[in-house]
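Asker: Okay, here's the structure, questions in a sec.
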Amino acid sequence: MSWAYSPLTAAGAATLLAPRLYYVVYPSAASEPSAAQVKAGQQQSGAAATAAGSETARTTTGEEVFAAAASGLTPSTGYKVSFVWSDGTNDSNVVVSSAWATWNTGALAATESGSDAAAIAGDVLVSGSLAATESGADVAALAGKVAVRGALAATESGSDTAAIAGKVFVSGALAATETGDDTAAIVGSVGVSGSLDATESGADVAAFTGTVAVSGTLDATEAGSDTAVIAAVALVQGSLDATESGSDTAAIEGSLAVISTGSLAATESGSDTATFAGVAPVSGALAATEAANDSAAVSGVVLVTGALDATETGSDTAAFASSTPVTTAYPGPAGRATKGKRRRVIIGERLYNVLERDIPALLEAELLDRAPPVTAEVIEGPKPPRKRAKKAPQPVKTVEQVRETVQQIKRRIEPDDAWLAQALEAVAFRVLERLQDEEDSLMLLLAA
């Protein structure tokens, strides 16, 4: 606990005779105490403060750190601190801190049996582990803002709305086990530095729904007639794995399934519509194994640096379905002249003739105002930027500038080239994700 002191605070003091600095700690909802109450160790109501103390004050401007720490505070509770300087005759104004909260420094566990609204609701800060076990027809096991440094586990048994709902930040591991006809195992914004695991058994709507950001591994196991294992935006640095057993709509569904580094694997067993649906940029390996009467193993635009593999067993419509995928697997580094199909594409104000496999690299170069791949030939339009010397700095563009460039390129794309617009969205997301560290800072918030 510290106090920024200046002698000018004690207005009217002619001489300073053994001045002292007093403080009281009290619940954040309470009103500000008077100077006399602070010196007496009381809060505004006249009751004893949660913690109080005093010591000889410094006589020069600067920060004063109390030798003895405040004690008697309750974990996971909001407080304020009020300070008063006094020389026995003159008192300073009362200085009040902003509201702050203590951590639970051990383990927080909640066990519920019945038809309850929530096992844990509100703002929860835990340094250690948080576990919730539910049995009954409950609305939520965890609801609100949950910040955990350690592990968070939720076990649900019943017809519950959600196992975890709200904003969840975990530095460690987050696991949810569901048994019943639940709406969602995890719903909301989930930021995890470690691993996130969900096991579902029942006729559930989704195992993950919302925004899922994981630095580590994300794993979902589904058994039942579920709508989706992972639905919405999934940002994963590491590996993403989904295993489905049942008549499910999709293993991974949404606009983006982004794997920065690692692998994406899905194993399907049942009468499913698709293993992958949407745009899937992968740096590493993408594998899909299908056994049933499915429509498609991979559907949408797939951008892979590494290897892409699909194995189909059954009466399926297609292993890969898309309006002209940009690429399935890069045969070599972008920019190296190799045999392959060439396309004429309009990007911005230029008409290019380019190898199909180099289109993602060309789009990225346009967004960042850099030299295009050497296989990209300008047929019409202004000359593109030249390749810079190795020591020359690359141009740095802001997020706003890249977004503006994306819109400019979109306006020039022909209606028949919808596949190019999809590829642009995938590449733009990857570029923007590099330019802003919002997801990484979210996941590492508690680890700092």
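Asker: If THR311 meets every condition in (1) within 32 Å of the chain's Cα centre (by Cα); (2) buried (at least 16 other Cβ atoms within 10 Å of the Cβ); (3) modelled with pLDDT of 80 or more apart from one, which number is that one?
Answerer: (2)
Asker: Is it the case that some residue within the stretch 251-266 is under 19 Å from VAL168 (Cβ atoms) and in the same structural domain as THR183 (by TED's automatic domain parsing)?
Answerer: Yes, that holds for at least one residue.
Asker: Checking the conditions here, which among SER71, SER6, SER2 is under 38 Å from the mean Cα position of the chain (by Cα) and at pLDDT below 80? Let's see the steps before the verdict.
Answerer: Working: SER71 fails: at pLDDT below 80; SER6 fails: under 38 Å from the mean Cα position of the chain (by Cα).
Residue meeting the stated conditions: SER2.
Asker: Could you run through the stretch 185-205 and say how many residues are surrounded by 23 or more Cβ atoms within 10 Å (Cβ to Cβ), assigned to a strand (DSSP E or B) and in contact with an Asp or Glu (Cβ under 7 Å, 6 or more places away or on another chain)?
Answerer: Number satisfying all stated conditions: 2.
Asker: Look at ASP197 and say whether it is assigned by TED's automatic domain parsing to the domain that holds ALA280, charged (D, E, K, R) and within 18 Å of ASP116 (Cα to Cα).
Answerer: no
Here is a yes/no grid of residues against (1) modelled with pLDDT of 85 or more; (2) of a type in the set (Phe, Trp, Tyr); (3) buried (at least 18 other Cβ atoms within 10 Å of the Cβ):
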position: LYS80; (1), (2), (3): yes, no, yes
position: THR89; (1), (2), (3): yes, no, no
position: TRP103; (1), (2), (3): no, yes, no
position: GLY114; (1), (2), (3): yes, no, no
position: VAL124; (1), (2), (3): no, no, yes
position: SER129; (1), (2), (3): yes, no, yes
position: ALA154; (1), (2), (3): yes, no, yes
position: SER159; (1), (2), (3): yes, no, no
position: LYS167; (1), (2), (3): no, no, no
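Asker: Mind checking which pairs have a first residue in the stretch 75-100 that is within 30 Å of VAL126 (Cα to Cα) and a second that is at pLDDT 90 or above and among the acidic types (Asp, Glu), Cβ under 6 Å, 6 or more apart or different chains?
Answerer: Partner pairs satisfying both residue conditions: VAL96/GLU32.
Asker: Something else now. Does at least one position in the stretch 22-32 carry a residue that is surrounded by 19 or more Cβ atoms within 10 Å (Cβ to Cβ), assigned to a loop (DSSP other than H, G, I, E, B) and assigned by TED's automatic domain parsing to the domain that holds TRP85?
Answerer: Pass one, the stretch 22-32, residues surrounded by 19 or more Cβ atoms within 10 Å (Cβ to Cβ): 22-26.
Add one more test, that the residue is assigned to a loop (DSSP other than H, G, I, E, B), and what stays is none.
So far as the stretch 22-32 goes, no, none of its residues is surrounded by 19 or more Cβ atoms within 10 Å (Cβ to Cβ), assigned to a loop (DSSP other than H, G, I, E, B) and assigned by TED's automatic domain parsing to the domain that holds TRP85.
Asker: I'd like to check something: does the stretch 140-148 contain any residue that is buried (at least 24 other Cβ atoms within 10 Å of the Cβ), over 25 Å from ALA285 (Cα atoms) and touching a Lys or Arg at 6+ places or on another chain (Cβ under 8 Å)?
Answerer: Among the residues of the stretch 140-148, at least one is buried (at least 24 other Cβ atoms within 10 Å of the Cβ), over 25 Å from ALA285 (Cα atoms) and touching a Lys or Arg at 6+ places or on another chain (Cβ under 8 Å), which makes the answer yes.
The values are calculated or read from the model by the stated rules, or taken from the named source; none is laboratory data. Remember, predicted model here, so these are calculated numbers, not experimental data. Backbone-built Cβ (ideal geometry, glycine too); neighbour counts: all protein chains shown.
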